[in-house]
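Report on the following structure.
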Amino acid sequence: MTAEPRVYVIHENAEWFPPFAAAFEAEGVPAQEWLLTDGSIDLNAEPPAGVFWSRLSASAHTRDHGDSKEFGRAVLRWLEASGRTVVNGSPVLELEVSKAAQHAALQRAGIEVPRTIAVFGTAALKERAREFTAPFISKHNQGGKGLGVRRHDSHDEFDAWVDGPEFEASPDGITLLQENLFAAAPFVTRVEFAGGEFVYAVRVDTSAGSFELCPAEACALPGADGVEPEPLFRIREEITAQHPLVQQYLAFLKDAGITVAGIEFIETVDGRFVTYDVNTNTNYNPDVEATAAVSGPRTIASFLGGLLARDAAPVGV
């Protein structure tokens, strides 16, 4: 790493970095990737000068980088102990890798969440599942991109799945059982925040029934016969920073020390606004970015550039 102060982007997935690299360049902010797929740190040495933005992901294990989260814990604590400015630091990483922790934090903030039971191991899964009326959902406590989320239409089907070869445990051994939320219309909403401020809200089409709703271009699937599908992601102009739920989210993020995030909610048939996911290594959809009045990546780049300039300013200035 160079000695010149810069923004270091800590992550383990190089495919998701190009939009941010372009944003840093456009904003004139010096930035460098810090890939945690291998490497080392000298715990007796001072970290390099700069601002450090953690984009460590709960889905790292799906890219054979599961241990990057463990190395990330060590790196973030080293940086924080040395007094470096860390955006989305170690407490935020603990929320990123535990949906149960997110659920508890959201509920404590007065934000409505789905009824959820966390089950460690498989011995009690079938019994606890019977506390839900079918259909219900199971998901990994440590997940990402919607992977590991399944809808179960009967308890017998769930039992067979738990006992069968298709069952896959969460990396931390915790399976979440959750009420199935019935949407009033086939979409969910993802609200993006950067620098602790509202950026925009995105309507995500769920009419195909998939739980895998990753917005990044790297996640996009080609259309049948080469035909481009209709965009799954569109701006929701009517959801603004003044929306009551967005105001709750802003207070929640401030209290949790989360600076960059995407938070997802569903509007149910019975009129509830239910929040079910907090993603602290948020990505941005290119279709949305092409039409939005404000760019997510450039907002982040500008914010981090401001922190870099602040830290570099002489004391008293």
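The values are calculated or read from the model by the stated rules, or taken from the named source; none is laboratory data. This structure is a prediction, so every number in the text was calculated from the model and none was measured. Cβ placement follows ideal geometry from the backbone for every residue including glycine, while neighbour counts extend to all protein chains displayed. Calculation scope for accessible area: heavy atoms of the full protein, side chains included, ligands and nucleic acids excluded. Shrake-Rupley method; radii C 1.70, N 1.55, O 1.52, S 1.80 Å.
Do we have any residue at all in region 146-169 that's β-branched (Val, Ile, Thr) and within 30 Å of residue 12 (Cβ to Cβ)?
yes
So which residues in region 253-270 are open to solvent by less than 40 Å² (accessible area, probe 1.4 Å) and either part of a loop (DSSP other than H, G, I, E, B) or closer than 24 Å to residue 295 by Cβ (or both), if there are any at all?
Selection gives 253, 258, 259, 260, 261, 262, 263, 264, 265.
Out of all the residues in region 160-213, which are over 21 Å from residue 104 (Cα atoms), aliphatic (A, V, I, L, M), at pLDDT 95 or above and open to solvent by 40 Å² or more (accessible area, probe 1.4 Å)?
160, 184 - these are the residues of region 160-213 that are over 21 Å from residue 104 (Cα atoms), aliphatic (A, V, I, L, M), at pLDDT 95 or above and open to solvent by 40 Å² or more (accessible area, probe 1.4 Å).
I need a count of the residues in region 74-96 that are open to solvent by 10 Å² or more (accessible area, probe 1.4 Å) and part of a loop (DSSP other than H, G, I, E, B).
Here the count works out to 3.
Can you pull out the residues in region 57-94 that are under 25 Å from residue 305 (Cβ atoms) and in contact with a Lys or Arg (Cβ under 6 Å, 6 or more places away or on another chain)?
90
From 303, 273, which residue is open to solvent by 60 Å² or more (accessible area, probe 1.4 Å), at pLDDT 95 or above and in contact with a helix residue (DSSP H, G or I) (Cβ under 9 Å, 6 or more places away or on another chain)?
273
Quick check on region 21-43. Is at least one of its residues open to solvent by less than 50 Å² (accessible area, probe 1.4 Å), touching a residue at least 60 places away in the same chain (Cβ under 8 Å) and within 30 Å of residue 159 (Cβ to Cβ)?
Among the residues of region 21-43, not one is open to solvent by less than 50 Å² (accessible area, probe 1.4 Å), touching a residue at least 60 places away in the same chain (Cβ under 8 Å) and within 30 Å of residue 159 (Cβ to Cβ), which makes the answer no.
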